[in-house]
Every structure is written in C-alpha cells, then in structure tokens.
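Report on one structure; see the data block that follows.
The values are calculated or read from the model by the stated rules, or taken from the named source; none is laboratory data. Remember, it's a predicted structure, so these values are computed and weren't measured experimentally. Cβ coordinates were reconstructed from backbone atoms using ideal geometry, including for glycine residues, and neighbour counts include every protein chain displayed. Heads up: the accessible areas ignore ligands, DNA and RNA and are worked out on the full protein's heavy atoms, side chains in. Shrake-Rupley method; radii C 1.70, N 1.55, O 1.52, S 1.80 Å.
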Amino acid sequence: MTRQPDTTPALLIRGARLLGGDAADLLVRDGVVVEVGSGLSAADAEVLDADGLVALPGLVDLHTHLREPGREDAETILTGSRAAAVGGYTAVLAMANTSPVTDTAEAAERVHDLGRAAGIVDVHPVGAVTRGLGGEELAELGLMHRSRARVRVFSDDGRCVANPRVMRRALEYVKAFGGVISQHAQDPDLAGPSACCHEGELSGRLGLPGWPGVAEEVVVARDVMLARHTGSRVHVAHVSTAGSVEVVRWAKSQGIAVTAEVTPHHLLLTTDLLAGYDPTFKVNPPLRPEEDVLALRAALADGTIDAVATDHAPHARHDKEHAFVDAAFGMLGLETALSVVASVMLDGDAGEFGWADVARVMSTAPAAIAGLADQGCALEVGAPATLTLVDPAAQVVVDRDASVSLSRNNPWHGRTLTAQVRATLLRGRPTVLDGTLVGG
C-alpha cells in the first residue's frame with residue numbers, strides 16, 4: 001500500500017546540489033515536491049538552507065536487523081528507526097530472524113504496525129522463507145504478502161535455505177505475486193555454524209574455524225540456476241567474494257533475474273583485522289582478503305552488484321563481549337553506511353563513481369528490488385519529498401558512544417570517514433535536521 005503524503009508545513013530547500021550536480025531550490029507542499037528551480041520563493045514556507053549540500057533520494061536499506069520482538073535489549077524498531085534516519089535512511093527492510101520469527105501474517109503485521117507507530121522511517125518486514133527459519137517447511141508466504149504489511153521480500157537471513165527443493169518451491173511460490181527470495185548464501189556442509197574467519201593462512205594461525213569463500217559461491221551458483229529454471233527472482237544478500245561476483249556477473253549476462261547487495265564493511269574492512277581477536281569484527285559472512293574487497297568495489301561500480309545494504313546487526317554487550325569463537329556475529333551499520341560508501345567509492349579508486357551512483361546503489365536500486373514505489377524517487381516535481389541532504393566535505397570521527405542505537409558493536413569507532421548526513425526528510429517532514437534527530 002502506498003502511504004499518502006503527510007500534511008506538513010510548506011518547506012523551501014535552498015541551494016541543494018541535486019545528486020551532486022548543479023544547485024537548485026525545491027519547494028515542498030504536503031509532502032510532495034511542487035517546484036524545482038533557481039531563486040524560488042514562498043511566503044508561507046519554512047526555509048532550509050542547503051548551500052553546499054548534496055541532495056539524494058532518501059536511502060533504502062534492504063537488510064536491517066531491528067531485533068524486535070524478542071531482543072529489545074539490543075535494538076527496538078523505534079531505536080533502529082532513529083539510527084536509520086540519522087544515517088539518511090527513509091525506509092528499511094526488517095529481517096525475519098526475530099523471536100518469534102516473522103513467518104506469519106500476524107507477525108509481519110506486528111512489525112509493520114510498530115514501524116508506523118514509530119513514524120521515523122518506513123519499516124517493511126521481511127518474511128521468513130521457512131517456518132521458524134528451520135529450512136524445511138515454507139512459511140506463510142502468500143498470507144504475509146496479502147496482509148496489510150504487503151511483504152514482498154523473504155529471507156531466512158542468518159541461515160541459508162540449503163535444501164534446493166525448498167528453495168525451488170519458494171521461488172515458484174513468490175513468482176505469482178512478484179516477490180523475491182533473498183538468500184544468505186552459506187553451504188552448511190562447507191561452513192558450519194562455528195565457522196567465523198575467512199579460511200586461509202590467518203584462520204590457521206589464529207586457530208579459528210574457517211569459512212571458505214566457496215561455501216558462498218556454490219549456493220549463489222545453485223540459486224541463479226534455480227532462478228533461471230523457475231523464471232523467478234533471487235537476491236543475493238551480503239556478497240563477500242570475488243567468486244560470487246563472477247557468478248552474478250555471468251547470470252546477469254544470461255538474463256537471469258538476479259540482484260545482489262554488498263555491505264559497507266565488506267567494501268572496506270579485511271580479514272587482517274581479526275588478528276587481534278576483537279569480536280567487534282566477527283560478522284557473517286566473514287571479512288575477506290583485500291583481493292575480494294577490491295573485486296566487490298569494482299562490481300558495485302560497474303553495476304554487477306546492485307545495492308549497498310547495511311546488515312545492521314546490533315548486539316547487547318553480553319552477547320558480543322566474549323572470546324571470538326563464542327561472540328555473536330554482526331556489527332552496526334545504519335548510521336555510518338553513507339559515510340563509508342563515500343569514503344570508499346568517491347574518495348577511493350572506483351573511477352567515475354559519483355553522487356548519482358551513490359543514489360543508485362543506496363536508494364533507487366534497493367527501492368526497485370523491494371518494490372517500494374514511493375521510495376528512491378527522482379528529485380523532481382510530483383515526487384514525494386523523501387530525501388537526504390549530505391555535507392560532502394565533512395570529516396567525521398566515529399564515536400560509538402554517540403550512537404542512537406541501543407548497541408555499541410561499531411566497527412568504525414575511532415575512524416575518520418568522509419561525508420555526513422545533515423538532514424533527512426520523510427514525505428516532506430524532517431526527521432533529522434543539522435545532523436540531529438527532530439524531537440530528540
């Protein structure tokens with residue numbers, strides 16, 4: 001269901017560089033852009049000075065763990081929504097591995113309703129593919145889609161749908177209503193639940209259970225062939241290896257309906273960080289060597305990888321502060337994702353990657369994959385005024401204690417990153433101004 005624009009005061013955004021290009025003014029009324037040009041004026045409008053700021057369509061995250069229900073000590077839908085808005089997001093897809101699992105229409109509607117009550121970003125529940133994430137019996141895919149939550153994306157993230165028969169049935173089922181299966185690609189026979197470090201010299205030296213890249217690649221290869229066989233859509237979550245990139249690139253060349261995402265941490269961090277056994281850097285799939293990181297950047301730049309998704313995975317201290325092998329998988333991402341992408345892709349070695357490309361991989365493409373018609377829209381007359389304003393020149397030193405998330409497992413603590421979100425608007429209503437949440 002497309003939400004109607006909120007009734008909000010008129011707003012005049014002055015001097016924003018649209019997608020990093022020429023500066024323009026945007027006049028917003030009732031949550032919609034009604035005029036774009038230079039030297040605009042409106043006596044009844046509040047003025048937002050955006051001189052020097054880059055305007056992007058609001059960011060969309062395909063892969064967020066909000067933990068509610070079940071682990072409200074780590075995150076809630078409200079606190080996660082706040083973190084998302086601070087990071088420039090206007091929509092997030094909440095993964096299904098909650099307690100209870102989001103595998104029924106009722107569970108999906110609960111997440112949907114809590115998101116609407118928070119009212120900070122659009123929260124879209126992701127439905128589980130299988131009951132209880134057990135990998136054997138399909139969850140209520142059709143009922144979740146027909147519910148008021150209108151679920152379109154399904155994933156057992158955290159676990160792989162390892163059984164090819166079950167995966168085939170899921171792809172066939174969601175094809176009827178244009179749904180998509182997002183796969184956590186991890187062959188359990190090649191990388192079991194204890195695997196926690198990229199398999200190689202380092203894992204052997206540290207005595208950590210290895211997680212070989214091939215455990216991801218064989219599942220990606222299988223699933224793109226199942227997508228071709230069924231004529232359905234598969235999305236590859238958190239791609240982490242050069243081999244997976246090559247499989248996805250081949251599949252797209254064959255016209256197979258596959259899309260893929262990469263996380264900010266897989267674009268920058270490498271497995272070398274595990275040498276200190278710091279559980280902050282324990283994530284699934286694990287951090288990979290530099291050659292994989294470079295392949296991921298190139299694939300994001302050339303469109304082989306469609307989107308950046310945070311895999312925001314908050315954890316309470318008592319789950320993360322353990323010996324490395326016993327600590328929970330995952331790290332925070334919502335508040336820093338845009339800055340990481342800007343630091344890596346704009347200031348790095350990605351060639352012609354510009355702010356329009358940032359909009360493509362962090363807003364337009366994720367919205368299209370998730371089927372969100374009112375997100376990721378062009379900054380033009382008639383479009384929802386759902387956007388983020390970014391200071392491209394800002395240098396930000398990340399402080400985990402300043403996070404609005406309930407958790408502190410932040411891998412970027414102490415790092416200096418480029419670019420900072422200054423404002424976020426959801427259908428014309430500011431949720432963040434001057435880098436701070438509206439209303440605290």
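Data for the structure
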quantity	calculated
Backbone HN-Hα couplings from phi across segment 78-83 [Karplus 6.51/-1.76/1.60, Hz, Gly and Pro as x]	5, 5, x, 5, 5, 4
Accessible surface, per residue, of segment 249-335 when the full set of protein chains is kept, probe 1.4 Å, Å²	33
Cα-based helix-to-principal-axis angle, 242-253 vs the chain, degrees rounded to 10	70
Residue-wise HN-Hα coupling along segment 416-432, computed from phi with Karplus coefficients 6.51, -1.76, 1.60 (Hz; x: Gly, Pro)	9, 10, 9, 6, 8, 5, 9, 8, 10, 10, 10, 6, x, 9, x, 9, 9
Glu35 long-range amide H proximity, modeled H, under 5 Å	Leu27
Placed amide H near Trp211: partners under 5 Å, 5+ positions off or other chain	Cys196, Cys197, His198, Glu199
On Cα atoms only, tilt of 214-230 relative to the major axis of the chain in degrees	70
Where N is the number of residues in the chain, Cα Rg divided by 2.2 N^0.38 Å	0.93
Anchor Lys282: lysines whose Cα lies under 21 Å away (excluding residues fewer than 8 positions away in-chain)	Lys320
Binned Cα-Cα distance frequencies in segment 85-154 - 10 Å width, integer %	24, 51, 21, 4
Protein accessible area in the chain, 1.4 Å probe - carbon and sulfur %	50
Antiparallel DSSP beta bridges within segment 24-106, as percent of all bridges there, nearest 5	55
Amide H within-cut-off set for Gly330, under 5 Å, with H built and near neighbours excluded	Lys282, Val283, Asn284
Karplus-derived 3J(HN,Hα), 6.51/-1.76/1.60, for each residue of segment 36-43, Hz, glycine and proline x	10, x, 10, x, 5, 8, 7, 4
For segment 362-400 and segment 173-252, distance of Cα centres in Å	28
Size of segment 294-383 as Cα extents on the principal axes (Å, biggest first)	51, 32, 20
For segment 100-139, accessible area per residue (1.4 Å probe, heavy atoms of protein chains only), Å²	37
Estimated translational D of segment 339-440 in µm²/s (Stokes, Kirkwood radius over Cα pairs; 10 °C; 1.306 mPa s)	104
Nearest-ten-degree value, helix 164-175 long axis tilted from longest Cα axis of the chain	20
For the chain: relative contact order, % (alpha-carbon pairs under 8 angstrom, 6 or more apart)	19
Ranked packing of 123-133, 324-334, 96-106, most packed first, by mean Cβ within 10 Å	123-133, 324-334, 96-106
Over segment 10-61: Kirkwood hydrodynamic radius from C-alpha pairwise inverse distances, Å	11.1
Cleavage-rule hits (GluC sites (Glu not before Pro)) in segment 304-371: DSSP loop, at most 16 neighbouring Cβ within 10 angstrom	Glu321, Glu352
Segment 278-321 shape via C-alpha gyration tensor axes, a/c threshold 1.5	oblate
